[in-house]
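The values are calculated or read from the model by the stated rules, or taken from the named source; none is laboratory data. Computed from a predicted structure; not experimentally measured. Positions of Cβ are backbone-derived with ideal geometry, glycine not excepted, and every protein chain shown enters the neighbour counts. Remember, those area values only see protein heavy atoms, side chains included, never the ligands or the DNA or RNA. Shrake-Rupley method; radii C 1.70, N 1.55, O 1.52, S 1.80 Å.
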Amino acid sequence: MIRVAIPVEKGDHLSISYTEQTWGTARRRYHLAQELLLCCCERCKDPAELGTLYSAIRCRSGNCEGYLVPDNPLVNLNTRDDASNEQYPYSGYTSWSCLLCGSSKQPQEVYQLLKRIESDIKETGEMDFELRERLLSRLEGEVLHPNHYFLTELRVDLAQTYGRVGPEGLTEISDKRLERKMELCRQVLALADILFPAESRVRGMLMFELHESLAEETRRGADKGDMNLLQLKHKIQESQHLLTGAEKMLSSEPEMIPEGEIAVEVKRRILDQEASQMNGSTKNVPLSQTKCVSMGM
Ligand SMILES: [Zn+2]
Ligand SMILES: [Zn+2]
């Protein structure tokens, strides 16, 4: 069964993804080329990836604060100037130029840099939160554009790990960490709205994480008495809105995978909410204290 992930109008062009939408253009196009597919969609054509600079790297020329993007993201494997058989899955076969000062780099250089960063990221263990946060802040803006897909991948991992993996559950993590978890979710969801509105699995999971975190924040605020009624109401509304969004995103996930388990839990909570509204109950159940399904991280 095929269904549309975002609303479409009669006559709209429909597209289907054969690769990971959370990757940058060179990486997606390299992956697609292995399947003999050459994509020329709007996102692939735009060196700035719909204005997000999702693959951009920081210029190192003098004091320049600009970012380099590929000169021609559509150079294909069989049309490249480079006659060697070397492959550059993270840079493509094009030179890269700074949007501010115009200085450029060859594809090999860009590829080597990204390969090094990738191995630095892989070396950090899933549980070493501090090390991952330090790496993220070292790379963010100084080496890669803050929206870069390597950083987005790190943010997705951290957002799904805080309060889920390790000795501290969502109700035990510090206020600061809870706030950070929400910030990470929001950063990725804002980018996802532009770059991969139809990537429902990542979006659905992050919506669920943000919903849970907001519910926990609301519970803490109510316990401490440092939120007024209006603030509490807004938080609850936002949390419920995210739950509805997560349901929409995850509704087609099979139950045997973690995303499907979350989808079942989301549905149960929506039914609970509807039942309590019909009973006229105003009781706010702290959702993060209810049964939490395994995240399969
Ligand atoms: Zn494309
Ligand atoms: Zn520059």
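Per-residue 3J(HN,Hα) values for region 161-171, derived from phi via the Karplus relation 6.51 cos²θ - 1.76 cosθ + 1.60 with θ = phi - 60°, read 8, 4, x, 10, 10, x, x, 9, x, 4, 7 Hz in sequence order (x marks Gly and Pro). Normalised per residue, the accessible area of the chain is 54 Å², obtained with a 1.4 Å probe and no contribution from ligands, DNA or RNA.
With the alpha-carbon atoms of the chain aligned to their principal axes, the span from lowest to highest coordinate is 71, 47, 33 Å, starting with the largest.
Each residue of region 141-148 was assigned a 3J(HN,Hα) from its phi angle through the Karplus curve 6.51 cos²θ - 1.76 cosθ + 1.60 (θ = phi - 60°); the sequence is x, 7, 10, 10, 5, x, 8, 3 Hz, with glycine and proline shown as x.
Extension gain, D226-A275: 0.36 nm per intervening residue step, less the Cα-Cα distance, totals 14.7 nm.
If each residue of separation counts as 0.36 nm, what is the full-extension length gain between E86 and L50 once their alpha-carbon separation is subtracted? Could you put the intermediate results ahead of the total?
Values: separation 36, 0.36 × 36 = 12.96 nm, distance 2.85 nm.
Roughly 10.1 nm would be gained on extension.
Counting only lysines at least 8 places from K105 when in the same chain, those with an alpha carbon closer than 23 Å to its own are K45, K115. Amide H contacts under 5 Å for R58: L68, L144, H145, restricted to partners 5 or more places along the chain or on a different chain, H placed in the peptide plane at 1.01 Å from N. Under 24 Å of direct C-alpha separation, and excluding same-chain neighbours fewer than eight residues apart, K181 reaches these lysines: K122, K224, K233, K235, K248, K267, K291.
For a quick check of your reading of the filter: which GluC sites (Glu not before Pro) in region 105-165 sit in a DSSP loop and have no more than 13 other Cβ atoms within 10 Å?
In loop regions of region 105-165 (DSSP not H, G, I, E or B), the sparsely surrounded GluC sites (Glu not before Pro) are E126, E142.
For region 7-56, GluC sites (Glu not before Pro) are listed when DSSP marks them as loop and at most 16 other Cβ atoms sit within 10 Å of their Cβ; the list is E9, E20, E35.
Evaluating 6.51 cos²θ - 1.76 cosθ + 1.60 at θ = phi - 60° for every residue in region 256-262, the Karplus couplings come out as 7, 10, x, 5, x, 4, 5 Hz, glycine and proline recorded as x. Report summary: the helix-based calculation at 222 nm, which adds -39500 (n - 2.57) for every DSSP H run with n ≥ 4 and divides by the residues of the chain, gives -16000 deg cm²/dmol.
Between S137 and H234, what length in nm is gained on full extension when 0.36 nm per residue of separation is reduced by their alpha carbon distance?
Details: separation 97, 0.36 × 97 = 34.92 nm, distance 3.10 nm.
Result: 31.8 nm gained on full extension.
Of the accessible area of region 21-168, with the probe set at 1.4 angstrom, what percent is carbon plus sulfur? Present the calculation step by step, with values, prior to reporting the outcome.
Numbers: 3460 of 7170 Å².
Taking all protein chains in place, region 21-168 shows 48 percent carbon and sulfur surface.
Could you tell me the relative contact order of region 21-168? Use alpha-carbon pairs under 8 Å, at least six residues apart, and round to a whole percent. Taking the mean separation of contacting Cα pairs over the length of region 21-168, I get 24 percent. The label-point distance for H31 and I194, in a model that sets each label 7 Å from Cα toward Cβ, rounds to 2.0 nm.
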